[in-house]
Amino acid sequence: MKSVYTIVRCSNRYCGKFSYCKTGQKTKQCPYCNKRIDVYKKQIMTVNTAKQARVLVQEFNKEFGKQTEPEWMSNSSPKKEIKEKKK
């Protein structure tokens, strides 16, 4: 059976939430921040039914919500390390 729904992730670095759309769409508007998402570049996976897509999106967003800050922000900044060494 052909996959009919695509799960995508928002490309806005402050949002990054997951949503889904029908396979074949070129773009989708993020329901959380209203940014336009290029489906072909940001697709995560495809599923057969809307129910599967909805459940996966809910699970992904639930796990995503547990993160307090993105990984790239949690790394210590080189500027802080330099200031600490001078003291």
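Computed from the coordinates by the stated procedures, all read-outs in this text should not be read as laboratory data. What you see is a predicted model, and the numbers here were worked out from it, not measured in a lab. When we count neighbours, we look across all protein chains shown, and the Cβ atoms used for this are built from the backbone with ideal geometry, even at glycine.
Quick one: if you stick a label point 7 Å off each Cα along the C-beta vector at Thr49 and Thr23, how many nm between them?
1.6 nm
At Tyr32 and Tyr14, where each label point lies 7 Å from the Cα along Cα→Cβ, what is the point-to-point distance in nanometres?
Inter-label distance under the simple model: 1.3 nm.
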